[in-house]
Amino acid sequence: MAPQTLTENPFTLGVASGDPLPGSVVLWTRLAPRPYQVGGGLPPTGSVSVGWEIADDDRFGTPVQSGTVAAPAADNYTVHLDVRGLETAHVYYYRFHVGQWTSPVGRTRTAPAAGAAVSGLRLGLASCQQYDEGYYTALAHLAREDLDAVLFVGDYIYENAINAQAGARRYTDRPLPAVFNHWTVTLDDYRLRYALGKSDPDLQAAHASHPWIVTWDDHEVENNYAGDISQHNDPVAQFRKRRAAAYRAYWENMPLREAQRPKGPDMILYRRFQYGGLAQFDVLDTRQYRSDQAYGNGWNYPGPESENPARTLTGAAQERWLLDGFHASTATWNVIPQQVVFCRRKNTTAARSRLSMDAWDGYPASRQRVLAGAQQAGIGNLVVLTGDVHVHYAMDIKKDFNKPASPTLGVEFVGTSISSGFDGVDKPADWPTMTAANPHMKFYNGRRGYVLLSLDAQRVRADFRTVTGVRNPGAPISTAASFVSEAGNPGLKRA
Ligand SMILES: [Fe+2]
């Protein structure tokens, strides 16, 4: 359709950038004059030509590059522009045009040149933004941080039927259409769920302020799914159809390259980023290829089923890719942004205790292969970054979690949710037990927020940021605790 026929503003869902490489970054937007309608208020077929520009300053006096890009109906009128030939380690501003309409301005940053000396990196770690459980206040604060990139490690949407009465949001300013009151199953359902989340001004601000590197967890498809196996054991063919719809909507709505575009129910989301010689990021997908959870999905006693060495959380191909990447790595820090808790968490102080069968605790052989591979490759500075559980944790990764004196092989920072779980509390009911049962657990906090990570040649530092609540908008942010781990001497210390 001709751009001049767009009589309503199509830029209702903001702009985004992501997957920064040396001199290259993906720019994203979606045209949706009516975001809460199937199709967004645009025709079901065709394409719109979208103008774009990228510049050194937000006034766009002399754009360094500009052009047009197609937003096809087949991609729900989304744009995934892979801009190349940019400077390395450079801040840029970008925007889009259609007819009389201009998008908000986004700010992004390319990655440093391969092998470049990088003095420091600052990253945000965020996850779990259930729309109906609270405002995205933490993302408004994240937008104002000075960051190289945001790592978002899953549960960008939730597939639940939204109960507007029970939810934490006040919908009086923008009534919630009835379409959100059922579970997401179809492509239209998933697309609408992204539109709902992306209509939030705080989420738009966080995307417009920094490039994002994303991976998913379960709720982008279905709670606790494992590969082809749905939570309620739906017929596999039926679930693969649902997964294909969910993956397609995910790709459409994230600042990802063509290489990640799904083929039916398959999408290669694990990928690697280098920030000069300072850090290598191996972004994992721990949902698509995993064995089914042992002993059900919840907390249960480990046994022969969970300890079966044939079980995998990553799948064989991704595991090989990860271990090969360890061997090839020359970076000071090896960072693994991923979904589910890596360190052991017992929920009693007894020797035999239940563990989360959905986390790495339910796949101990898989965890041991990753740790053994890291050790064989001489990876001394391993940092695992996690989401999923809606609380902050800081934990030492132990060679043997049953022996507190065994070597510390790295550190894990688990970031709490943006809004999932409503306001939260500093010390949840199980706080005394969890901290006593797991001596490698150095910090636990149950508020909403995100983690600020700073890396340099000497140390990694995590600032656990929390807001006082998400039931009402506008809560202030503060730092609940800060930890460091030194390069060459892994182990958490209070900063
Ligand atoms: Fe979550």
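The values are calculated or read from the model by the stated rules, or taken from the named source; none is laboratory data. All values derive from a computational prediction rather than experimental measurement. Heads up, the Cβs are rebuilt from the backbone with ideal geometry, glycines too, and the neighbour counts pull from every protein chain shown.
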Discussion item. Out of the residues in segment 376-397 meeting the condition of being farther than 23 Å from Arg290 by Cα and of a type outside the set (A, V, I, L, M, F, W, C), tell me which one is nearest to the chain's Cα centre (by Cα).
Written reply: His392
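Would you say Gly124 is within 15 Å of the ligand (Cβ to nearest atom), touching a Phe, Trp or Tyr at 6+ places or on another chain (Cβ under 6 Å) and either closer than 15 Å to Lys198 by Cβ or at pLDDT 95 or above (or both)?
Working: within 15 Å of the ligand (Cβ to nearest atom): no; touching a Phe, Trp or Tyr at 6+ places or on another chain (Cβ under 6 Å): yes; either closer than 15 Å to Lys198 by Cβ or at pLDDT 95 or above (or both): yes.
When the stated conditions are applied, Gly124 does not pass them.
Counting only residues that are small (Gly, Ala, Ser), in a loop (DSSP other than H, G, I, E, B) and away from the ligand (no atom under 16 Å from the Cβ), which one in segment 130-185 is nearest to Arg272 (Cα to Cα)? Walk me through it before giving the result.
Start the filter on segment 130-185 by keeping residues that are small (Gly, Ala, Ser), which leaves 134, 138, 140, 143, 149, 154, 161, 164, 166-168, 178.
From the residues that got through so far, the ones that are in a loop (DSSP other than H, G, I, E, B) too are 134, 154, 161, 164, 166-168.
Keeping just the survivors that are away from the ligand (no atom under 16 Å from the Cβ) gives 161, 164, 166.
Details: Ala161: 35, Ala164: 39, Ala166: 40 Å.
If we take residues in segment 130-185 being small (Gly, Ala, Ser), in a loop (DSSP other than H, G, I, E, B) and away from the ligand (no atom under 16 Å from the Cβ), then Ala161 is nearest to Arg272 (Cα to Cα).
Which one of Gly85, Gly51, Gly23 is surrounded by fewer than 15 Cβ atoms within 10 Å (Cβ to Cβ) and more than 23 Å from Asp200 (Cα to Cα)? Step through it out loud before you land on a result.
Details: Gly51 fails: surrounded by fewer than 15 Cβ atoms within 10 Å (Cβ to Cβ); Gly23 fails: surrounded by fewer than 15 Cβ atoms within 10 Å (Cβ to Cβ).
None of the others qualify; the one that does is Gly85.
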Practice prompt. Could you check, for segment 310-326, whether at least one of its residues is among the hydroxyl-bearing types (Ser, Thr, Tyr) and touching a Gly at 6+ places or on another chain (Cβ under 7 Å)?
Written response: no
Item to complete: Report the residue count in segment 154-184 for those that are closer than 30 Å to Ile336 by Cβ and in contact with an Asp or Glu (Cβ under 7 Å, 6 or more places away or on another chain).
Response: 6
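Considering only segment 60-73, I want to know if a residue exists there that is over 17 Å from Trp101 (Cβ atoms) and touching a residue at least 40 places away in the same chain (Cβ under 8 Å). First the steps, then the outcome.
Of the residues in segment 60-73, the ones over 17 Å from Trp101 (Cβ atoms) are 61-65, 67, 72-73.
Filter once more, keeping what is touching a residue at least 40 places away in the same chain (Cβ under 8 Å): none.
No.
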Fill in: Any chance Ala437 is over 27 Å from Trp333 (Cβ atoms) and surrounded by fewer than 17 Cβ atoms within 10 Å (Cβ to Cβ)
no
Worksheet item: What number goes with the only condition from (1) within 16 Å of the ligand (Cβ to nearest atom); (2) of a type outside the set (Asp, Glu); (3) without any contact (Cβ under 8 Å) to a residue 40 or more places away in the chain; (4) under 24 Å from Arg144 (Cα atoms) that Pro428 does not pass?
Response: (4)
Item to complete: Please indicate, with yes or no, whether at least one residue in segment 368-390 is surrounded by fewer than 24 Cβ atoms within 10 Å (Cβ to Cβ), within 16 Å of the ligand (Cβ to nearest atom), modelled with pLDDT of 95 or more and of a type in the set (Val, Ile, Thr).
Response: yes
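Go through the residues of segment 418-439 one by one and say whether even a single one is part of a loop (DSSP other than H, G, I, E, B), among the β-branched types (Val, Ile, Thr) and in the same structural domain as Asn347 (by TED's automatic domain parsing).
yes
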